[in-house]
Structures are given as C-alpha cells and as structure tokens.
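Coordinate-derived values only; no laboratory data. Keep in mind that what you see is a predicted model, and the values were worked out from it rather than measured. Cβ placement follows ideal geometry from the backbone for every residue including glycine, while neighbour counts extend to all protein chains displayed.
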Number of protein chains: 2
Amino acid sequence: MSPKITTELLKQLRQVMKNPKYVQEPVQAYIVPSGDAHQSEYIAPCDCRRAFISGFDGSAGTAIVTEQHAAMWTDGRYFLQAAHQMDNNWTLMKMGLKDTPTQEDWLVSVLPEGSKVGVDPFIIPADQWKRMSKALRSAGHDLVPVKENLIDTIWTDCPQRPCKPLIMLDLSYTGVSWRDKITALRSKMAERKVMWFVVTALDEVAWLFNLRGSDVEYNPVFFAYAVIGMNTIRLFIDGDRMMDPAVREHLQLDSTLEPEFKIQVMPYGSILSELQAVAAGLSPKERVWLSDKASYALTEAIPKAYRYLTPYTPICIAKAVKNASETEGMRRAHIKDAVALCELFNWLEKEVPKGTVTEIIAADKAEEFRSQQKDFVELSFATISSTGPNGAIIHYKPVPETNRTLSVNEIYLLDSGAQYKDGTTDVTRTMHFGTPSAYEKECFTYVLKGHIAVSAAIFPNGTKGHLLDSFARSALWDCGLDYLHGTGHGVGSFLNVHEGPCGISYKTFADEPLEAGMIVSDEPGYYEDGSFGIRIENVVLVIPAETKYNFKNRGSLTFEPLTLVPIQTKMIDVNLLTQKECNWVNDYHQKCREVVGAELERQGRHEALRWLIRETEPLVRVQ
Amino acid sequence: MSPKITTELLKQLRQVMKNPKYVQEPVQAYIVPSGDAHQSEYIAPCDCRRAFISGFDGSAGTAIVTEQHAAMWTDGRYFLQAAHQMDNNWTLMKMGLKDTPTQEDWLVSVLPEGSKVGVDPFIIPADQWKRMSKALRSAGHDLVPVKENLIDTIWTDCPQRPCKPLIMLDLSYTGVSWRDKITALRSKMAERKVMWFVVTALDEVAWLFNLRGSDVEYNPVFFAYAVIGMNTIRLFIDGDRMMDPAVREHLQLDSTLEPEFKIQVMPYGSILSELQAVAAGLSPKERVWLSDKASYALTEAIPKAYRYLTPYTPICIAKAVKNASETEGMRRAHIKDAVALCELFNWLEKEVPKGTVTEIIAADKAEEFRSQQKDFVELSFATISSTGPNGAIIHYKPVPETNRTLSVNEIYLLDSGAQYKDGTTDVTRTMHFGTPSAYEKECFTYVLKGHIAVSAAIFPNGTKGHLLDSFARSALWDCGLDYLHGTGHGVGSFLNVHEGPCGISYKTFADEPLEAGMIVSDEPGYYEDGSFGIRIENVVLVIPAETKYNFKNRGSLTFEPLTLVPIQTKMIDVNLLTQKECNWVNDYHQKCREVVGAELERQGRHEALRWLIRETEPLVRVQ
C-alpha cells in the first residue's frame, strides 16, 4: 500500500474554499465527514469523499482541511491503515488516546480569530452540527453550511450516484403490505400528535415500501427519502426505476386509490425544497417527526418549534420486531446459509492440508457456495477470513498484501454472511484443521460458555440488551480474559446486517428493550494479539420463554438460534463445560443435524451431509 | 394517620407570594422541593419545608402552589402515604404513571399568560433549574429566584438549624491528614486547570477536613461549605463550634502555618457573598469547579464562562476509594455490628415464640445491642424491621399503625446499620423462626445465588458496577422472578450510608468504574406482595483478584464481604446450590465463626457465641 498523493487535491480544495462561486464568504476550514446524506454505515462510491481527498478508506474517519493543515480523526481499528494510506500532507488524530484533541478543540487551536468552518449540511447529522457549532461559537468562530459539496467540485471523475433497479417483496416475504405499514405509522404519529414524518434512513424507506435495491454494496437499499403526512405520501427517488410496470403495480401508482394512499413520486434532489414547502404550510401545533440523526439540512428545514426529534424512529422500532413471515424467511435463509458453510468447511478440511488455500480463496469459496443457494442476492458484508495472527484483528478483511495461507497449525476464523431474498445472515465459526493446543481449546471453551450464557439466558419482558452483555464475559473474566467489543447487534430481514434499536453491548444504554420477534447476534470472542482470534457467532431470535413463575405475568423471554452451523467440537475442552452447557451444545448440534441435514439431503449434497453428521456427534462429559 | 389541615397555611403562603416585602413582583406559582441547600438525601427538621406546607413527609416529593392549586409530585413508594397525609387542598401527582403531567407541563397548563414561578435558588439544583426554566420560558413564563424562602416566612415555629459539636477524626481513623487531602485536591484542580473548588455536599466537607457532626439524623455531617483556592482555604460554618480548643487544634487555626494551609473561618450564611467576591476577582481562564448538582444560587454566582461543572467532584471520587486505615476501621465496625446482630438473633430466637416481640421492639433491641459496642455513634438509617407482608414493602419503617408481631409463621426481614467512629454498616438478614415453606426456601435460595454471583464475581479493572447487576438476577430470572430495585450502593466510611459515585444498578450508566478500595452493598431481594420480603445484604470491599491470565496486566477485581453475619441456613434449599455456591456459604460462615466468634469470646458473650456456632454449621450438598 503506498499512500495517495494529495498535494494537488488539497491545493484545489483550498482554492474552492475561497471561491465565491461556491461559498458566500471564504471558509478557513472544511469538514469532510464519513457518511452520506442518510447516515448510512455502508456508503456508495460517490459518497466516499473523505477517502477521495485523503486516500484513507476505512469505514470511520473525519477529515478537516484548513489553509495550513489537513487532519484525520479515526479510531484504534484504523490507526495503522490510515497511516499507510495517507501522505505527509495529513496529520493522523488518534481518537481514544489521551492527548488527541477533539475536532472542536483542534479547530479552535489552529484557526485565526473569527473563522468560518464549512461543512455540507446534508452530510452532517443535526446532533453533531449542534455540538460542533456550539463549541466553535463559544470560541468566536462560526460553523456554516456550504450548499455545494466542495469535494464534489474538485472530484472530476466522481462516480455517478447508483440508480439500480428495484426488487419488490410480496406479502409472503414481508407479512405486511406497505399500506398497512403506512397506516400503523400514522397511528404512531397520531399518538405523538405529529402530522408529518420524514423518512431519512435508507433501510427505513426500503422497509416501509417493501422494496429493496442494490445502490450500496452489501445493503439492499436504494437512494430515496419519503415524507409521510396524515393524508399524503411523498417518495423522493431518481431514475427510470418508477417506469418499471412491476414497481408501478407494487406501489399502485396507476390505480384509483383512496387519496391517503396515493404515492406522489418526486425527484430525489427535491427533498429539501419540498420539505421547506411543507414547513411553510404548517399550522401551530403541527409537528414534524425526524430522527435526531437526520442531516442538519433537513432538520433545519423545519422551524425548531415544529420539530419532534427522537433517537429511534417508529419505523426503526417496528422494523426490528420481525413478524411470522419475516421470521420464517430468516429461518429459511439460515438453513441455506448453513448448507453453504457445511460445503465450505468440508471442502476446507480436505484442501487446507495441501497448503493451497489462502484467506482470499476461502472467502471466495464461501461466496461461491452461498451463491448456489436459492434467492441469494449478495454478501451482507465483506467476509472476514483470517488465519493465525490475522484472526486477532477484529475487523480484518484479507487483501493481497496480508493474505495468509490456511494451515493445520493455525486457528481459522470466518465471519461471513449473505443477503437472500428471504433473509440476512451473519455467522462466525472458528476452526482448527489440525490439532489445537490446550490453551487454544481453553480460550475457545470460555468463549463458548459466554455464547451459551447469552443464548440460553432467560430474562423478563422489558429487559434491555445491554444488561445481558456481562453474561457473555463471565467465564472469560473468571480466568482474567476479556474482549474489547460488544456482544451483539440487531440484524435486518433482507436488510442491513447491522440495525438498531437493540443490541447486546456494554457500550450503549439507550437501546430499546428486547421483545419477542427481535433478532440480534450473539458473538463473544477472545483475541490474542499476534497469535489467534476466536469468535463464535449465531444470529438469534428473541422468543417467549417458559418459566416456573413467569414474572407475575410480565412475561419471560429467551433466544432461539437461527444460525444452524456446527460449532467445532475439536476446539472444546469438555471438562470445562457444566452438564447444562454440554446439553446445550448437544441439543444445538442435534437440531443442526436434523434441520440442515434434511436440506443437504434434499439438495443431494451427500459429502457435506456426512461432514455435518461427523461434526455433530454428541459431546460426552466425564463426570 | 389523619391528614394535615393546610387551608390556613396555603392562604398565608399565597399572601406572601404577592407580598413586595419578599418578592420583587408577585409570583403566580411557588415551588417547594424536598432537599436542602446541599442536595442531601437526609435533611434536618428545619429543612422539611415541603412536609410543613403539605403534611406529606416521605423522602421524595415536590410541592407546587399556585393561586388556585396545590399539587404534590411523588413516586410509587409514596402514593399511599401522601394520599393519607395530605388534605383535600392537595392534588397528588403520581410520577411514573402514564397520564401524570410533568411539573413543567402542569404549570404551563394552569398558569395565566406571562406568569412568574418562584423558587428558593439555594434549594433547587442548577441542572433542575435549567430544565424547568427552559420549559417555562418557551411557554412565555419565567422562573424567578426568590431570595427569602417563602415557607420560612410563614413557618412560625420552624426549628432552628442544628449546630451540634464536631467530632475530630485523627489519622488512625482517616489515614490521611486534611492537609494532604487539600494538597491532593489542588493537584486534581491543577490537572483540570481550575483555580477554585466549591465544596457544597455536606459529606464532602466532612471528609475533606476529617471532621464529623450530628446536624442531620443518621448522617454524621454538619452544615458547612468550603471554598478551596490554590493558595487559600475558606470554611463556612456557624456557631461556637470553632471555639472548641480541640477543633482549633485539629484545624491548626492558631498555629503558624504556610499561608496555603491557613483556614479562614467564615459564617455559614456568607457563602454567596464570598463566592461573588471570588467571581469578581477572576482573571480570564480562571475556572471555578462545582458539582453540577450544586444549588442554582451558588452556580449562578460564577459567570458561565468561568464555571467548570462535573457530575462527580474529585472529592466524591477520592472519598469513595478507602485507604488502609479506613478499610481497617470498616472491618472493625462490621465485626462489632455482627456481635450486636448475633446477640439480637439469639434473643429473637428465644423471644419470638412467646408472641411478645413486635417489629418496633425488635428494631429497638437491635439498636440497644449496637449501642453497647465501642465507638457507637448512632444508627446509619431508620431500621427496616418487617415481618410477613410488611417485608414486601421495600422502604418499610415500622410505626404504631403498622406494627406487626413477629411469629414462628412468618418471614422476618431486618435491614439495619449503624455509625461507629471507625465505620458505617448496613446489613440485611431474612430469618424464619419456625419452619419456612418450600416456596419461601426456593425464593430465598435464588436470592442467595444472586448475592453470591455478585460477591464472587471476578471482573477486569475499569468495569462499572452497573455491568454486574444482572449477575444478581440470573438465578431469579431463570424461574421467572425479579426485584424492582438496584443491587447495591456506595457506602461511606463513618459517613453517609448511601454515597456515589459507584454502585451496582441497572438504572445508572454514569457510575464511575469500580476500583480496589471502593465499598458497596450487595443486596438482591425478592418480594411477594401481601406475603413476604426477602433480601440478603452484605457490605463488600472491592479488592484485587488473582486470575490465571490477569487481563493482560489490566488487573482483576473481586469483592470481599465486610459484613460477617450468618445467613440463615434453615432458609436455604441446598439442592438448588452448585458445589461452588455451597463452598462459598461454608467459607463465609467459617470466617464469621472465626472472626466474630473471637470477638464474642473477648466480649464474654457466650450465649451469642453458641448461637453463632450453631448457625454456621457447614451445609452439606447431596450429590
């Protein structure tokens, strides 16, 4: 990896920062955040502006360019990568280290008095704007919205915004029609006494209209906004996608409909002016509901007195609770995914000893087996295929420079998943193709105990996921081991593999309580720097539990694993398991054998079936 | 309990609300919060203004009186009590219920346009003022500080502010001299670049100067403020307490000292004017450090640009980490406390079957035994002595109207503690003096498992207490049981029985990480409304743990019980315990027997010693 040479680009950027064609007054600093206008975690190439200007293409980072300086804030996952990818024009600001200034403090320390700091108001979330603006103002500077994105003005070969065809999901996948979703949304709006709801997150637009797209890699979403009134529906979307008769039929664009379900289709770029028009027509007490993470541009379009901001939108919360059709779809997707992984692991077991399988080859092979499954669309994130020391890099993705060959002497960690039309998967298995050491088995077994502790946990209705996080760590803690990431995240239904508003992490407190139908991952791990990584991840469904006393009718919850891929018993030190834990593993493997076995049989994959049967032999605990 | 008749009082209050002698302009509403000027949890009789005006004397509640209305906000613990104690002039606002308006919303709904709402700026914390003021302003009203407390103007027989003699603690109790504490504080101030620190919490003043008082029941504190500069010390305190030669000696008031350790003693009432004088002399960048819970009056005395507010002060954090002398003192106090409780339980075992022991008699007897111990000062909170259904009322305190007789048919719960000169205790034991039912034993055993899960937990340095809360619930949850309170609170060292900044609760997120030397309670419970209450509480000390891998040198922590009182084995269903839990109980009882047994022997309390030996017989688990 050689760094990107940015001298000329920075010169150009500094010129447009003073060019009256783009800025009312010159700006002395310009902020380039990571995100897109929808605060997406994964972004399209045309939105990779921070990578374009700096060369650093990690998933998190904020660049700030002043007349004299160029600085990049990123977190511990990316210190090395950012240092490699950026040239000497850039200063790396290592977030989380004690002496690293915040962006605000740094700006205040370098800017001349009374400076203007510019930012694209569509890219910066309203809450960040507020914090930054306040800090700058108290030091005598101003944060100003720059309408035209200044990076775009110098990015001559900027790729076009994707505008790919839409996928329609019928009731058999979604369980609820978009009309019923709109009706439910309006009743939530009525409850909160708001008249308008602005849908800004891409997965929320997709979910609401039962549509999917492929504008962003790994996330089946498409660029669009929606504004839902009590009697109107506006969908902001570009391209000839709305010319497709099947889409028109799905959205009933040409039918005679009750006016409140008539969708007005408008250009993607007209969201701001339309929202301003809505704002201009508001009567007193007509509030407009937005996510508090919506862009500053859209938030500002609604006068403060009319704004109703919440951290989680009603769509985000409704989307998290999967209905029977979605749950069944997720089950099907996970069975197919398990078939692909049984094929993969069977293949690896044969091929690894030959010394010809690299991390990249293994990842490609996993994708190949998945793509053979029905309704496969794409992967749900970049496959983490890592062996030996690479396994200890939590967000590792193999590239030619780091690509390692799998061997019978190292632990192999595969964290991968796919988008199927009926569901999204995300599974991690840690395997050894030779003989693991006693220490490796010990660590693996503690991780497994943590995985089981969460998966088998019983808890009252209304419990927040973060209260379960320590269960995953207890066995590791007892021996003085830990892992520095959360235990689980929400998973979409043929949608984003990471979604709110629930999860299992010590880091959050504002998560919504778990309820039956929610789907999260359960993925404790252990990482020994320079040696190996261990993680065991299932996607699990929140289900009602049966308890002796049922919390005085408050109700009990637990988890059902949707992922049905064997956990390598070779890695388990059975004597460290309790009888209850041992039974859990055996029951889980029995279910894998029955459910996935039947599907392997049906697909005529006999060799993989034999592998599955071998790998699901019951554990026997010596008393 | 008959309600207090408040018609005449409210009439008088409404008059002074318009009287130019007390208010610049008439106020249309007056807020009477619960607290005192130091945001104390326990308050002196002269500060019980809300109880005076309304009759309601629960520990939490806010009264608001307008020209037409009088309303009282309180939480679920006190709905019944407030309804009983208040007459028809008052409307009870049940906090936590869906339809109950907030104080702000209610005020906006009842006030005429452009109203003034008054409050004593010394009683309302700055953060509450900010929230209330903002809400009122956005509705066209004003929150105004009323200098003279309006309740005090009509409270003709208001008791005097207590001004009791001080207790000096020498190094053998405190481990650190007040001079060294000041030096450490100043170095924290230098770190944060602040020049002044204002000590507003009573326990922080007491801790800083190694003094104790008895101005407030149960809390060994005295009314005072302090303002610490980099070179000056101002102590604001009333009465002839500073005439006591021993106090003068302790504070070295008459010695020739380095000027930076010379204490200037000033009247308690001069804090505001002195602070204003400090503020007037501030140079740019000279910041003043206050708790964000300090009163509006004191916070407002410092111009905003000079204020440095934090949720936990450096004294609060330093005070929480007990040094070797304090820890040893706490150990001694807990041994004496255990002696008293062994005497009590031995006595109860003999007396209860006679049917003559009421909850009040048992509580008095507990106090009597405690008062026989060396360095006993007073109780650390009102004893919760409850039998049968009263045990299910979590904050129960026996009064003649509710006083129940202990019997061999009901569970008895005693939550009590004392202040000794060497430490503060807080212990709960749940006993049965007859034969407990299988269900009672089952519930007790789950609570015990939760107690052990926390007490024996091992966790990495830097872990916050709230992450341990679920460990206490897991065994209950498995059977569909739970309890609706946190698991533990910080405990002072001959100071307040509840103190920050650490604790073990699902409710907080902003607690400071646990570190070796901190002391918290471990008190899970289970409550069956109308039948019984179970709670098992030890005070525990955070200590370094030994683990196999020691978190890559991050260090491990665990707890050591300071409380050494037998847990009634009759209540335990041994077969529900794991072998590890069974060993924990046996080891704990062995330690009680050795340590407390030796002290009982020394004190010649042979009958109680025999009781202790009986009660600490090892459990035997049938495999």
Task: Pairwise Lys count, segment A:6-154 - Cα closer than 16 Å, eight or more residues apart or different chains - done: 6
Task: Tally of Lys pairs whose C-alpha atoms are under 25 Å apart, taken over segment B:264-333, 8 or more apart or cross-chain - done: 5
Task: Inter-copy separations for residue B:243, label at 7 Å along Cα-Cβ, nm, ascending - done: 9.9
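What's the exposure ranking of A:537, B:401, going from fewest to most Cβ atoms within 10 Å?
Fewest-to-most Cβ neighbours within 10 Å comes out as B:401, A:537.
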Open item on the list: Consider the operator that turns chain A into chain B: which A residue has a Cβ nearest its axis, and what is that gap in Å?
Closed with: A:509, 2
Task: Qualifying aspartates and glutamates (Cα of each under 15 Å from Cα of residue B:262; at least 8 residues distant if same chain) - done: B:180, B:249, B:254
Open item on the list: Restricting everything to alpha-carbon atoms, can you work out Rg to Rh for segment A:6-154 with a Kirkwood hydrodynamic radius?
Closed with: 0.92
- [ ] Taking just the C-alpha trace of segment A:49-91, give me its Rg and Dmax in Å.
- [x] 9.4, 29
Task: Shielding by other protein chains, A:556-566, mean Cβ within 10 Å - done: 1
Open item on the list: Given the DSSP H assignment, sum -39500 (n - 2.57) over each helix run of at least 4 residues in the protein assembly as shown and divide by its residue total; what's the result at 222 nm in deg cm²/dmol, nearest 500?
Closed with: -9500 deg cm²/dmol
- [ ] Please work out, to two decimal places, the log10 of the ratio I(q)/I(0) at q = 0.12 Å⁻¹ from a Debye calculation in which every Cα of chain B carries one identical scatterer.
- [x] -1.35
TODO: Could you line up A:521, B:385, B:531 from fewest to most neighbouring Cβ atoms inside 10 Å?
DONE: B:531, A:521, B:385
Open item on the list: Spelling out what I want: for every residue of segment B:498-505, take phi, set θ = phi - 60°, compute 6.51 cos²θ - 1.76 cosθ + 1.60 (Karplus), and round to whole Hz; glycine and proline get x.
Closed with: 10, 8, x, x, 10, x, 10, 8
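What ranking do B:552, B:94 get, fewest neighbouring Cβ atoms within 10 angstrom at the top?
The most exposed by this proxy come first: B:552, B:94.
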Task: Set of lysines with alpha-carbon distance to residue B:548 below 19 Å, sequence-local pairs under 8 removed - done: A:441, A:449, B:580
Task: Phi to ³J(HN,Hα) by Karplus 6.51 cos²θ - 1.76 cosθ + 1.60 over segment A:186-200, Hz, x for Gly, Pro - done: 5, 6, 5, 5, 4, 4, 8, 6, 10, 9, 9, 10, 9, 8, 10
Task: Proximal aspartates and glutamates relative to residue B:4, as straight alpha-carbon distance under 15 Å, when same-chain residues fewer than 8 apart are discounted - done: B:57, B:87
Open item on the list: Taking a virtual spin label 7 Å from the Cα of residue A:560 along the C-beta vector, which residues in segment A:592-622 bring their backbone nitrogen under 20 Å of it?
Closed with: A:592-600
Task: Note, ³J(HN,Hα) from phi for segment A:106-119, Karplus 6.51, -1.76, 1.60, rounded to Hz, x at Gly and Pro - done: 5, 4, 4, 6, 9, 7, x, 3, x, 7, 10, 10, x, 7
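Net charge within 11 Å of residue B:145 by Cβ-Cβ distance, Lys/Arg positive one each and Asp/Glu negative one each, not counting residue B:145 itself?
So the environment of residue B:145 carries a net charge of -2.
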Task: Cα-projected label distance for residue B:230 with residue B:180, points at 7 Å along beta-carbon direction, nm - done: 2.5 nm
- [ ] With a point put 7 Å past each Cα toward its Cβ, work out how far residue A:614 is from residue A:191 in nm, to one decimal.
- [x] 5.3 nm
